[in-house]
């Protein structure tokens, strides 16, 4: 009986060791994958920072002004001046529509009716 108990215990210990060994490798693989994703995120953030810097460089007002002057014949763009802007009181708003009258009764349901 004692031999059987030792044998079962040894098999249980070996099984648990095998399971722990597999879990260790799966954990290491998951950590490697997480590190790779972190590196990719860092690389994409750096790329985004470069793209934002390029966008800011390409949209410099002096550069855009020079481009507008160079292509005036084909585009007809004029530089922005304060006269191009209006005041709020110069905006014409649409008149409210009077055809939204409701005739008769309107049934309204609430949550109690739905249950």
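The values are calculated or read from the model by the stated rules, or taken from the named source; none is laboratory data. In this text, all values refer to a predicted model and were calculated from it rather than measured experimentally. Quick reminder, even Gly has a Cβ in these numbers, built from the backbone with ideal geometry, and neighbours come from all protein chains shown.
A few notes on this one:
- The criterion of being assigned to a helix (DSSP H, G or I), within 35 Å of the chain's Cα centre (by Cα), free of Cβ contacts under 8 Å to residues at least 12 places away in the same chain and surrounded by 10 or more Cβ atoms within 10 Å (Cβ to Cβ) does not hold for residue 77.
- Per-region count, the stretch 41-74, residues modelled with pLDDT under 90 and surrounded by 10 or more Cβ atoms within 10 Å (Cβ to Cβ): 9
- Residue check for residue 23: outside any helix (DSSP H, G or I) and either exposed (fewer than 10 other Cβ atoms within 10 Å of the Cβ) or without any contact (Cβ under 8 Å) to a residue 60 or more places away in the chain (or both): no
- The residue list 65, 39 contains one member that is in contact (Cβ under 8 Å) with a residue 12 or more places away in the chain and part of a helix (DSSP H, G or I), which is 65.
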